[in-house]
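*Asks:* I'd like to ask you about the structure that follows.
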Amino acid sequence: MIPSLIAAISAALLTLPAQAQFAKPEDAIHYRKASMNVLATHFFRLATMVNGRVPYDAKVAVANADIVMKMSKLPWPAFGAGTDKGETRTRPSVWTQPAKFKDLSDKMVTQVAALDAAAKTGDLDKLKVAFRATAGTCQSCHDVFRNN
């Protein structure tokens with residue numbers, strides 16, 4: 001858990017001047033993949049509790065939801081011009097429908113904040129509801145903007 005937390009904090013510090021850090025489109029693609037990977041890892045950890053595959057632990061849920069919340073804000077600057085080529089599963093619709101992409105990414109960030117708040121209640125039922133809603137916002141964006 002500590003290496004993931006360090007990665008999340010490091011990524012959060014790096015996101016402020018993110019656009020300036022991408023010397024090449026490949027750098028931006030790598031950055032967004034890495035941030036999405038950390039986000040997905042911690043989201044999956046919540047999924048295992050929500051789905052009953054591991055015992056619910058409120059403290060662990062809060063820690064993972066917090067990382068998901070922080071990471072949810074990071075990848076968006078890395079979808080800049082020129083990052084539609086190379087090793088990416090991103091569909092061209094990200095660049096042809098930027099308003100829709102922004103709307104769905106904003107909805108995801110908002111829903112992740114609700115997930116984080118639900119985790120902090122210590123109530124597994126509230127976490128389940130927020131988790132499923134968050135998963136739905138992620139999926140709605142993937143359906144339009146990501147190749148599987």
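*Asks:* Between a residue in region 61-73 that is over 9 Å from VAL112 (Cβ atoms) and any residue that is at pLDDT 95 or above and among the basic types (Lys, Arg), which pairs come within a Cβ distance under 8 Å, given they are 6 or more apart or on different chains?
*Replies:* Matching pairs, first to second residue: VAL62/LYS120; ASN64/ARG45.
*Asks:* LYS120: in contact (Cβ under 8 Å) with a residue 24 or more places away in the chain and of a type outside the set (Val, Ile, Thr), yes or no? Quick ask: steps written out before the conclusion?
*Replies:* Numbers: in contact (Cβ under 8 Å) with a residue 24 or more places away in the chain: yes; of a type outside the set (Val, Ile, Thr): yes.
Taking the combined requirement at face value, the residue satisfies it.
*Asks:* Next question. Could you grab me the full set of residues in region 90-106 that are buried (at least 16 other Cβ atoms within 10 Å of the Cβ) and part of a helix (DSSP H, G or I)?
*Replies:* Filtering region 90-106 for residues buried (at least 16 other Cβ atoms within 10 Å of the Cβ) gives 90-91, 94-95, 101, 104-105.
Those that are buried (at least 16 other Cβ atoms within 10 Å of the Cβ) and part of a helix (DSSP H, G or I): VAL94, TRP95, PHE101, LEU104, SER105.
*Asks:* Among the residues of region 35-82, count how many are more than 10 Å from the chain's Cα centre (by Cα), of a type in the set (Gly, Ala, Ser) and more than 16 Å from ASP123 (Cβ to Cβ). Can you show your working first?
*Replies:* Within region 35-82, the subset more than 10 Å from the chain's Cα centre (by Cα) is 44-66, 77-82.
With the extra rule that they be of a type in the set (Gly, Ala, Ser), the set shrinks to 47, 52, 58, 61, 63, 65, 78, 80-82.
Filter once more, keeping what is more than 16 Å from ASP123 (Cβ to Cβ): 47, 63, 78, 80-82.
Here the count works out to 6.
*Asks:* Now, a different point. Filter region 30-63 down to residues that are of a type in the set (Lys, Arg) and touching a helix residue (DSSP H, G or I) at 6+ places or on another chain (Cβ under 7 Å) and give me whichever is modelled with the highest pLDDT. Give the derivation first.
*Replies:* The first filter runs over region 30-63 and keeps only residues of a type in the set (Lys, Arg), leaving 32-33, 45, 53, 59.
Filter once more, so that each one left must be touching a helix residue (DSSP H, G or I) at 6+ places or on another chain (Cβ under 7 Å): 32, 45.
On the way: ARG32: 94, ARG45: 98.
Across region 30-63, the extreme among qualifying residues is ARG45.
The values are calculated or read from the model by the stated rules, or taken from the named source; none is laboratory data. Predicted model, so just to flag it, every value in this text is computed and none were measured. Every residue, glycine as well, gets a Cβ built from its backbone with ideal geometry; the counts of neighbours run over all protein chains shown.
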